[in-house]
Amino acid sequence: MKNAQFNVKDVKTVGEKKLHIEFKSGKEFNGWFKLNGVKAKRITVPKGRKTIPRKTYTSMAKQLGLSVSDFDQLLECPLTKAKYEEIISK
Amino acid sequence: MTGTATNSATDITFLSDWKYKNKDSDTTSTPVVVEEGVATSIELEKLIPHIATFIEQHNSTEFRKNEAIIIKLNMLETKRLRNPLDVIVEEDDEGFIARAVDFSLFGCGDDRIDAIDALKFEIESLYFDLIEDDNFTEEWLSIKNFLKELIIDC
């Protein structure tokens, strides 16, 4: 788990740029990932936390339908949008 | 996915016992009687201050900091629930996380109550997202139906 390497801003940025998630700002940031135009995954990115605690990190991975190691890869870059779509389509 | 009113009554009976054993923290002059199997939303409402105090006391004394607890939510930030919703609350590094058991949603906070409050807000936020339209996967449409049955929209 590479939660110590990333902060909430990294997760939000990757969500926006790589997965084209549009976040809505409330108490936390929430956004939907659309698969073939249909809302398929919803991720919550907590505000006001620089580092991401382990269980929060795991919960965010789960929301995206990813294992923690795949979520690491998504944030680190190797996991592309196409690969992500392949994973959640299984 | 859903609980029953009977379960709800059973689960909160211990709070009534706890209340009588902790009279210093009593916030009402009228005793609240909860009978197994006959709890109503009014009775549950009367218990809310005691539930909050109960959780707070457990936060500071009885629970070890890293102990995961399961609580039953009966209310969200502005809405009531027809049946209690199971939530796991546990330590998460320096803070706490509250997670819904029935779907993938969480709230974070500096203490247990903050985390539970954050989750309550997130459940309502999800509910409002889901009632906007029907452009969701089957999984989410199922959660939408679950929440529509669970949440009392008033």
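The numbers here are math on the coordinates, done by the rules we state, and not lab data. Here the structure is a predicted model, which is why all the values come from computation and not from measurement. Cβ sites come from the backbone with ideal geometry, for glycine too, and all protein chains shown count toward neighbours.
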| task | Tell me, please, whether a residue that is more than 10 Å from chain B (Cβ to nearest Cβ), touching a helix residue (DSSP H, G or I) at 6+ places or on another chain (Cβ under 7 Å) and under 22 Å from residue B:140 (Cβ atoms) can be found in the stretch A:45-58. | result | yes
| task | Would you tally the residues in the stretch A:71-90 being free of Cβ contacts under 8 Å to residues at least 40 places away in the same chain and buried (at least 19 other Cβ atoms within 10 Å of the Cβ)? | result | 2
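Looking only at residues that are part of a strand (DSSP E or B) and surrounded by 20 or more Cβ atoms within 10 Å (Cβ to Cβ) in the stretch B:101-114, which one is farthest from the other protein chains (Cβ to nearest Cβ)?
Ranking the qualifying residues of the stretch B:101-114, first place goes to B:107.
Mind listing just one residue for me: the one in the stretch B:115-154 that is β-branched (Val, Ile, Thr) and over 13 Å from residue B:104 (Cα atoms) and, of those, farthest from the other protein chains (Cβ to nearest Cβ)?
If we take residues in the stretch B:115-154 being β-branched (Val, Ile, Thr) and over 13 Å from residue B:104 (Cα atoms), then B:152 is farthest from the other protein chains (Cβ to nearest Cβ).
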